[in-house]
Every structure is written in structure tokens, then in C-alpha cells.
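The values are calculated or read from the model by the stated rules, or taken from the named source; none is laboratory data. Keep in mind the model is a prediction, meaning the values are calculated, not measured. Here the Cβ positions follow ideal geometry from the backbone for every residue, glycine too, while neighbour counts run over all protein chains shown. The protein model used for the area step is the full one, side chains on, heavy atoms only, and it has no ligands, DNA or RNA in it. Shrake-Rupley method; radii C 1.70, N 1.55, O 1.52, S 1.80 Å.
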Amino acid sequence: MPQVSQSSVKTVIVASMIGTAVEFFDFYAYGTASAAYFPKVFFPQMTPVLATVLSLLTFGVAFVARPVGSFLFGHFGDRLGRKKTLVLSMLVMGVATVAIGFLPGYATVGVWGALLLCVCRFVQGIGLGGEWSGAVLVATENAPADKRALYGAFPEVGAPIGFFLCNGLFFLLANSLTEQQMLAFGWRVPFLVSAVLVVIGLYVRRHLEETPLFKLAQENDNTTKTPLKEVFQSNWKEIVKGTFIMGGTYAMFYTLTTWSLAYATTALGFSHSEMLLLLMGAIVEFAVLIMTTSLLADKIGRKKVLLTATVALVGFSIVFPYFLEGQHNLGGMLLFLGVGFVIMGTLYGPVGAVLPELFPTKVRYSGAGITYNLAAVIGAAVAPSVTTWLIARHGLHAAGLYMLVLAVASVVAWLTTKETKDIDYTK
């Protein structure tokens, strides 16, 4: 495989990581706002529970759009290259995010505000649908064969960085403004600030070179004009397995973040500031686990690390509701977030190498992106809303049922998937 210079390697790492951080900053801004502010801004005519459910459903709109983004950007990423497609995906995501910051609420335009919110959210999802797969391909297609999981972890670390920056900004705003000011204009600030971050991300990616593996595929005339058709014909089994490998991970992440923020502040007596501070601490743990478990996956294999963590997720799905019993149970919340993000970091880190390794170069952008984003649909699109509904219907102890089903499916998917560590990435 062609090697890149050390300076190019640094550019690759920074570009893949900062781009994902910007994209996830935008995405988490919506997740936080949909849990804490959108119920009152866009659905004040509803009961508090119904308003929260509807607000979280708008959060899920982007996950429905993400496969569309993976189809669109995957097609061009496999035909024209990784770099151009990555720049475009960030631009789409950034424009939609800034637009959300200008939307009028229910008090101004009635239900049209919620409809416009869904449109912007859909476009935002399309942008993110092309982002992750491009970022991990830029990293792993530049990596030495024995360090693909490590390189693939850098764009993964962009997720907690974006989350930390976004929630840090919300924390500062919540402690500087009154609740009425947050509802009036404070929630808009992160969406508008993202415009600056997008410009920075675009600047960094402008200096990015095309990956050596894609250049090699072009030189050997080993690209395809119909990547979507080919990936579904030749690699549909890998798409199915990868989707369920990742599905439980997604359900867990948005249960730990979006759902926990909404539930803790409406039912457990925690303030928004308290929960944001707790989540920011847990996100640091998340980032550390991403890097350490990716290093481990390069040494002992992806399957051993991820199958062990997936089995742990099955157990966590059953027991975590017991951690959250009682009003303002700080110890239980720390246990929920602490244990949860150990498992989450172990699941999320090595997958940056695993999903691309399931597919050949000529359909890798499409295959990895479709798999990742279909997992987002089954694992995260409705996870916060379904969890809220399960609790309302059956009580707190039912909160982990949806995640449990997906965790079991992930175990089955791993048991039927071979180790990918030693595959020839040039094929």
C-alpha cells in the first residue's frame, strides 16, 4: 500500500478528527435542545410528556435522513473520491444547523415552526450520513495495516470532542442566562456558533489529499460507476451484519445522552446544568476508552474486544434502570453514566476500523456509510422516544428493553462475523 508522509499523516488525523467533531457538535446541539428546550419552544400546546415525545421524534427525523445521505455521498465518495465528498457533507450539515438557529417558534408561526424544524433536521441528517464513513476512510485508508483501529479511532474521538464543546457551551449559557432567556434566544447560540466551526473544518479539509488506496484503485481501474448497485448485490450480508453489530451501540449512546438528559431533568429532579456537567465528565471517560480499546483491538483483534463489550451491554440493559431509582440520586446517576460510558467507549472505538474492513475499496464508502446509518435508524432514531414511552406505560424498569433487544441482536451478528483485523485492505 502507498504510504503518506509524516506531515500528511498529521493532516489526515487532524482533518478526520476535527471534521467529525464539528459535525457532532452540530448534531448534539440539536439533541440537547430537543431534550431541554424544544418541547416548550415548538410544542407548548401539548402536555409536558407528549411535548417531550414529539420533540424527541423530531430528533429522530435526521436518522431517517442519514441512509439517504449515505446513499448520496457514498455514490460520489466511491466514484469521485473521499476528499471532495467529505467537504460537501460538512457544508450541507453546517448550513442546515445554522438555519435551525434562526427558526421561529410556535408563538410566532404556530405548527409551521415544527414543520420547518423537521425540514432542517432532515437536511442535517443527510449531511451527517456522508460524514462518518468519509472520515473513517480517510483515516484507515492512510493507516499502516497494523494500526487501522488506532487511526480509525481519531474520527471516533471527534464525537466526544464535539459533544464536550457543545454541552460545555450549553452549560455556560444555562448558568449565565435565566430559563426564560434560554427559551427566548439562548438555545439558538450553539446553532449559530457552529457556522464558525464549519469554516474551520472546511479550511482544514481543503489541505487534505486523496487517500492512497483510492488513488491506487483509480490507477488500476478498480472503481465502479454504480457503487450502490454493486454493494447491495455483492455485500448485502456484510450490510446486515454490520447494521446489527452497530445497532446496540447507537441505542446505548442516545440512551446515555439524549434520553438521560430529558428524563433526569423532568422526572428525577436534576437541573439542566447538573446533568450537562455530569455528561461532560462522562464524555472525557468516553474519549479515553475509545483510544485505549482501539489500541487493544489492533493487538488482539476486533471481535474479542467488541463481542465482550456487547455481552456487557446485554447485562447493562437489564440493570441500569435500578441505578436511577429515587429523586436526585447522584450516586446512581454517576454509576449509570460511569459504567455506561466504559461499555460505550469500548463499543464505539474499534468500530471505526471494523465497518470499513467489511467492504472492498471500490464500494467501501457506500458500504460503511449505509451500514453505519442503517444502524442509526434502528438504534437511535426512536430510542429516546421509545424509552420514554416504555417508562410511561410500564414504569422505569422497562427503560432498557429496547436496548436489550438490539444488544442481543448485536451478539448474534458478532457470532456470525469473522475477525477483520488481518484482511488485505487493498483488495
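Quick notes on this one:
- Listed values for the stretch 234-241 are Karplus-derived 3J(HN,Hα) couplings in whole Hz (6.51 cos²θ - 1.76 cosθ + 1.60, θ = phi - 60°), namely 9, 10, 5, 5, 5, 4, 5, 4, and x replaces Gly and Pro.
- Across the stretch 1-147, the mean sequence separation of Cα contacts (distance under 8 Å, 6 or more residues apart), normalised by length, yields a relative contact order of 35 percent.
- The chain - percent of accessible surface contributed by carbon and sulfur, probe 1.4 Å: 69 percent
- Under Karplus coefficients 6.51, -1.76 and 1.60, residue-wise ³J(HN,Hα) of the stretch 203-211 in Hz, glycine/proline x: 4, 5, 6, 5, 8, 7, 9, 4, 5
- Among the chymotrypsin sites (Phe, Trp or Tyr not before Pro) found in the stretch 130-185, those both in a DSSP coil and sparsely packed, with 16 or fewer other Cβ atoms within 10 Å of their Cβ, are PHE185.
- Relative contact order of the stretch 66-194, taken over Cα pairs closer than 8 Å and 6 or more residues apart, is 31 percent.
- Label corresponding to percent of Cα pairs over 32 Å apart when calculated from the structure given, among (i) 50; (ii) 43; (iii) 31: (iii)
- Dipole of the stretch 203-293, positive direction: furthest Cα of SER271, LEU261, THR223, with charges on the beta-carbon: THR223
- At q = 0.12, 0.14, 0.17, 0.20 Å⁻¹ the log10 of I(q)/I(0) for the stretch 147-260 amounts to -0.78, -0.97, -1.17, -1.26, computed by Debye summation with a single uniform scatterer per C-alpha, solvent ignored.
- Taking every DSSP helix (H) stretch of at least 4 residues in the chain, weighting each as -39,500 (n - 2.57) and dividing the sum by the residue count yields a mean residue ellipticity at 222 nm of -26000 deg cm²/dmol.
- Dipole magnitude of the chain about its Cα centre (Cβ charges: Lys, Arg +1; Asp, Glu -1), debye to nearest 20: 620 debye
- Selected from PHE76, PHE232, PHE214 as most flexible by GNM, with the chain as the system and alpha-carbon contacts under 10 Å: PHE232
- In terms of overall dimensions, the C-alpha atoms belonging to the stretch 226-312 reach 51, 32, 24 Å along their principal axes, ordered largest to smallest.
- Solvent-accessible area of ILE423, all protein chains in place: 60 Å² (probe radius 1.4 Å, heavy atoms, ligands and nucleic acids excluded).
- Binning the alpha carbon pair distances of the stretch 22-163 at 10 angstrom intervals from zero yields the distribution 13, 37, 29, 15, 6, 1, expressed in whole percent.
- All Cα-Cα distances of the stretch 3-102, cut into 5 Å bins from zero to the largest, leave 2, 11, 16, 19, 16, 12, 9, 7, 4, 2, 1, 0 percent in each bin in turn.
- Mean accessible surface per residue for the stretch 197-266, computed with a 1.4 Å probe while every protein chain stays in place, in Å²: 45 Å²
- Within the straight-line cut-off of under 25 Å between alpha carbons, the lysines reachable from LYS303 are LYS147, LYS237, LYS241, LYS362, LYS418, LYS421, LYS427, sequence neighbours fewer than 8 places apart in one chain being disregarded.
- At a probe radius of 1.4 angstrom, the accessible area of the stretch 88-173 per residue rounds to 31 square angstrom.
- Centroid-to-centroid separation of the stretch 113-170 and the stretch 26-81 [C-alpha atoms, Å]: 15 Å
- Only protein heavy atoms count here; under a 1.4 Å probe, ASP298 has an accessible surface of about 20 Å².
- Separation of alpha-carbon centers, the stretch 392-414 and the stretch 178-213, rounded to whole Å: 34 Å
- The coefficient of translational diffusion for the stretch 250-382, derived via Stokes-Einstein from the alpha carbon Kirkwood radius under 4 °C and 1.567 mPa s, stands at 81 µm²/s.
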